[in-house]
Amino acid sequence: MKRLTPFVLALGAAFALPAAAQTKWDLPSAYPATNFHTENLQQFANDVEKTSGGKLKIQLHPNASLFKAPEIKRAVQGGQAQAGEILLVNFENEDPLYGIDGVPFLAASYAESLKLYKASRKTLESRLEKQGMMLLYTVPWPPQGIYTNRTLTSVADLKGLKWRAYSPATSKIAELVGAQPVTVQAAEVSQALATGVIDSYMSSGATGYDTKTYESLKNWYDTQAWLPKNAVIVNRNAFQALDKPTQQAVLKVAADAEVRGWKLSEEKNGWYVDQLKQKGMSIVKPPETLTADLRRIGNVMLVEWLKKSGDDGRKVVDNYRALQ
């Protein structure tokens, strides 16, 4: 058998280095591959690989295929996944600060939502840091409205509905209006509607389109009540294990994804609503009484949220109002 020279062995090792040097991350998400959040995430992953020169490859797992929505944060925190996308309001019971953008009518437009984000980002980052994670970027969902087959003139008309709850805030709304809260994640909405587990819920035009809600419910009341944010988070140890140039690449690409995602959300909001119309859904401007009732509920929930969140919460709201 012919012996290989040291030069040949060294050459072979050199060619093997790039493959060995590549780091791979898993990034679970709860939403379909065709959702704008997921498309933005995929571009983020592609850009990270390109900008890092192939040193870091991020494998995206959409539609709750790796972890269900409530499990993703814990998976990132525990290192089962290096990064993940979470809906912040899902975790309000863990820490009130995660639920600030689920308080109805505190921030009800893209401009207000961005100001609330600026006022709360440092506090949010510190919360995640204490749990061994970092915030890479956030992107809001379009404004939330009410899906139902009922005609709504006031919140009294919501009484008795089987109401999909995806967060503590949406459960609280159900409690305040006399509806029955049923916990259903985004990936399960279609089935829950088809089997009668739920007959109403509050969400964006994007969710209604993704889940084909128009096949079961015929009205969407465009209440524009709040804009909950998805956050892309990373395990701090996983991030710190990267070399400095790769860390910088991730942060730069994340900043770009945030700007792009906010713009995309606002642009696609109108498109989603048009699609719901084309599928036969009635897009209804809420009556004044319904809006007034919902705003009163929002005020009640804000008072409760401020009690739970203490000084940190008050500071965030004060900072937000100073930006108004």
Worksheet item: Taking only Cα atoms, what is the 0 to 90° angle, nearest 10, from helix 168-177's long axis to the longest principal axis of the chain?
Response: 10
Item to complete: Could you work out the equivalent-ellipsoid semi-axes for the chain, taking the square root of 5 times each eigenvalue of the Cα gyration tensor, largest first, in whole Å?
Response: 41, 22, 16
Worksheet, complete the sentence: Rounded to the nearest whole number, the per residue volume of the convex hull around the C-alpha atoms of region 177-223 in Å³ is 80
Worksheet item: Between residue 255 and residue 306, what length in nm is gained on full extension when 0.36 nm per residue of separation is reduced by their alpha carbon distance?
Response: 15.4 nm
Worksheet item: So how much slack lies between residue 191 and residue 109, counting 0.36 nm per residue of separation and subtracting their Cα-Cα distance, in nm?
Response: 26.5 nm
Discussion item. Taking the 0 to 90 degree range and rounding to the nearest ten, how far is the long axis of helix 244-278 tilted relative to the main principal axis of the chain, both from C-alpha atoms?
Written reply: 30
Worksheet item: When the chain is fully extended, how far beyond the present Cα-Cα distance does residue 299 get from residue 154, taking 0.36 nm per residue of separation?
Response: 50.6 nm
Worksheet item: Too long at a 22 Å Cα-Cα cut-off: which of 130/229; 162/229; 50/118; 50/73; 118/263?
Response: 162/229; 50/118; 50/73
Discussion item. If I model a spin label as a point 7 Å beyond the Cα along the Cα-Cβ vector, how far apart are those points for residue 175 and residue 263 in nm?
Written reply: 4.2
Fill in: Label point at residue 68 placed 7 Å out along Cα→Cβ; residues across region 76-117 whose backbone nitrogen lies under 20 Å
76-81, 84-95
Item to complete: With everything on Cα atoms, drop me the angle between helix 288-323 and the longest principal axis of the chain, reported from 0 to 90° to the nearest 10.
Response: 40
Item to complete: Could you go through region 74-90 in sequence order and give the Karplus-derived ³J(HN,Hα) for each residue, using 6.51 cos²θ - 1.76 cosθ + 1.60 with θ = phi - 60°, rounded to whole Hz, and x for Gly and Pro?
Response: 5, 5, 5, 4, x, x, 5, 10, 6, 9, x, 10, 10, 8, 4, 5, 4
Discussion item. Could you tell me the center-to-center distance, by alpha carbons, between region 303-324 and region 255-290 in angstrom?
Written reply: 28
Worksheet item: In nm, to one decimal, how far is the residue 243 label point from the residue 318 one, both placed 7 Å along Cα→Cβ?
Response: 4.7
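No lab work stands behind these numbers, since they all come straight from the coordinates. Everything numeric in this text was worked out from a predicted model, so none of it was measured. Quick reminder, even Gly has a Cβ in these numbers, built from the backbone with ideal geometry, and neighbours come from all protein chains shown.
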